[in-house]
Every structure is written in structure tokens, then in C-alpha cells.
Amino acid sequence: MNCLLRAAAALFVSLLVAGCATPGMGTTEGGIPVVTTHTSKGQDSRALFLVIHYTVADLPQSLHILTEREVSAHYLLTDETPPRIYRLVDENRRAWHSGLSGWKGHRLLNASSIGIEIVHPGFRKGPDGEKVFAPFAPTLIDALIPLVRDIVTRHQIRPERVLGHGEVTPSYKEDPGPTFPWHRLAAAGLVPALPDAVRVAAQRAVYEAALPDAAWFQQQLQQWGFQIERTGLWDEQSRRVMMNFQMRYRPSDHRAEMDAESAALLWVLNNPLPAPKAVP
């Protein structure tokens, strides 16, 4: 009887496999037969954002932290020569990399983002206690750009949704910091170009004559995408948000102060020129 049962089970499995090999049939990852003849038009990738981080640790420490602790990322880019790319979490699964994050009304971005960690020391303290950020080796960015392009192409992630950790979690993060070469990703068409310098200069003159108040800056930073409470005061949360904004758009000076150039950058970003009309 046991032999008959085993034979029947084997026959059932073979028929199931044969059936799944026919057009219009498949299985779930758990092996449940499903019909695949119809596909919904209304769908897109679960990944809407790509978030770039640095580890503030060497490679062995980074691997340990990202695989043995309660934090993770989909990819880890090493600082070796040449760099290697570790895949630590499948893209179909949620990595724990962005915490209490948000951007343009989206919250808790772990569920809707791909995270890339870069092995990088972050910063050291200078003689006056200031943060001195280490540069990114060109070979690191040479390896990063194809990875970013591959991810955003497959998931159709829009350029304005390729962000730094500090942008989506400004209250306690600042990576990848002011030395990260966003201009190289912009040149590759992976993130938007920097604000037009001519428009920024013209608007800066306006704000040098009359600098907006804290409420205006908070409204503009929120409009651009940051999570910020509009208190009307230039408080600590405002300074953290401004610092991360400046690290990306004016990395040479990220003291988190309200100033005319930062106001001009915000205004130009939030008031883009209309796209040119196509010539018939």
C-alpha cells in the first residue's frame, strides 16, 4: 500500500509539473498552481524610491552590521579596488534602511524603496570640532552609476525620487553627505540637474534685498519634499532639514542658516520653467 501511495504521489507531482509547463500555467513561489493568461494593466513596481547611504564603517564592520543586526540594505557597495557589489536583500523584499522616513507625503519608505549602502568613513572631527567629510573615490561612483541605472530602469523610479538618506530622514541622518558627487549622477541622467545658475543668481538678488522669514523657508522645504513641521521658528528640526538640503544643493556651505542663496535655490527648484512645447 505504501508503494502505491508513493507511486500515486509521484504521478500527481509529475502531472502538476507537466501542467505548469503548459502555456498559461505557472505556480506561486510555494508551488501552488495558478493561471497566468491575464495580466492587470493597473500596476507598477513596489519600489518608488532609491535611497543612497554611507556606512560610517569599514567593509568587515559594514557587512556585520548589515547582516547581523536589525538594519539592512538591498545592496552594499564596497570600497575595494575594484569595488564589489553585495546583494544583501532581494529587491522584492523590504530592507530596513530608512527608518522613520518620508518624502513628498510618502511615509516609512522602507516599504517602497531600494536601499544602497556605500562603504565610507563618513566624517572626522576637525581641530575646531567641525565635521570634515571624506571624499568618495571616483571608482566608487563609477561602480555606483551602473547599479543605480539598472535599478531605476527596471523599477521605473523617477529621477526626483533618487535621494540621500539625510533627505528622507533629516532629523538624525545626513548621509551621503556634502562630498557625494550628485553632479555625476545628474550628468548620467539619473537625478535632476542642479538648479539653473542664472535663475538662482537673479532670485538671490531679490532675497538679498529682503530675506524671507522662517515660516517661508519651512513652507518651501516642505514643498520640495522634506518632512518638516511649520512652526514659524528657526528651530532644530528646521536646521537639520536645511543642512541636508544644503549638503546636496550647496555642499560648500551647509551651516543650516537661512540665507539668500538657499532661498533662491529653493525658489528655483519649486518653480521650474515650463517644458518647451514640441514643434509640430
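The value obtained for the range 75-119, namely the Cα convex hull volume divided by the number of residues, is 72 Å³ per residue. Seen from LEU88, the other residues with C-beta closer than 13 Å to its C-beta sum to a net charge of +1, counting Lys and Arg as +1 and Asp and Glu as -1. The range 203-280 has equivalent-ellipsoid semi-axes of 24, 14, 13 Å, by the square roots of 5 times the alpha carbon gyration tensor eigenvalues, sorted largest first. The amide H of LYS131, built 1.01 Å from its N in the peptide plane, has GLY126 as neighbours under 5 Å, considering only residues 5 or more places off or on other chains. Here the range 106-248 is treated with +1 on each Lys and Arg Cβ and -1 on each Asp and Glu Cβ, and its dipole about the Cα centre works out to around 280 debye.
Looking at the range 173-247, the GluC sites (Glu not before Pro) that sit in a DSSP loop and have at most 14 other Cβ atoms within 10 Å of their own Cβ are GLU229. Dimensions of the range 186-246 based on its C-alpha atoms, expressed as ranges along the principal axes with the largest first, amount to 37, 29, 16 Å.
Counting only lysines at least 8 places from LYS125 when in the same chain, those with an alpha carbon closer than 25 Å to its own are LYS173.
Rolling a 1.4 angstrom probe over the range 78-188 with all protein chains present gives an accessible area of which 54% lies on carbon and sulfur atoms. In order along the range 32-48, phi translates into HN-Hα couplings of 7, x, 9, 8, 10, 7, 10, 10, 5, 6, x, 7, 7, 5, 5, 8, 9 Hz, rounded to whole numbers, per the Karplus curve 6.51 cos²θ - 1.76 cosθ + 1.60 with θ = phi - 60° and x for Gly and Pro.
Enumerate by residue number the GluC sites (Glu not before Pro) in the range 79-163 meeting two conditions: DSSP loop (anything except H, G, I, E, B), and at most 13 other Cβ atoms within 10 Å of the site's Cβ. Within the range 79-163, the qualifying GluC sites (Glu not before Pro) (loop, at most 13 other Cβ atoms within 10 Å) are GLU80, GLU130. Scanning the chain for long hydrophobic helices, with DSSP H runs required to stretch 24 angstrom or more by C-alpha along their axis and to average at least 0.5 on the Kyte-Doolittle scale, returns 2-20, 138-155.
Projecting the Cα positions of ILE141, PHE217, VAL152 onto the charge dipole of the range 90-234 (unit charges on Cβ atoms of Lys, Arg, Asp and Glu, taken about the Cα centre) puts VAL152 furthest along the positive direction. What base-10 log of the normalised intensity I(q)/I(0) is obtained for the chain from the Debye formula, alpha carbons as equal point scatterers, at q = 0.10, 0.15, 0.17 Å⁻¹? After summing over all Cα pairs, the log10 values are -0.64, -1.17, -1.40.
By the Stokes-Einstein formula, at 0.890 mPa s and 25 °C, the range 50-202 with its Kirkwood radius over alpha-carbon pairs has D equal to 152 µm²/s.
Here the sum of -39500 (n - 2.57) over DSSP H runs of 4 or more residues, divided by the residues of the chain, equals -11500 deg cm²/dmol at 222 nm, to the nearest 500. Per residue, the convex hull spanned by the alpha carbons of the range 146-251 comes to 109 Å³.
The values are calculated or read from the model by the stated rules, or taken from the named source; none is laboratory data. Owing to the predicted nature of the structure, the values given are computational and were not obtained by experimental measurement. Glycine gets a Cβ as well: all are built from the backbone with ideal geometry, and neighbour counts include every protein chain shown. Accessible surface areas use protein heavy atoms only, side chains included; no ligands, DNA or RNA. Shrake-Rupley method; radii C 1.70, N 1.55, O 1.52, S 1.80 Å.
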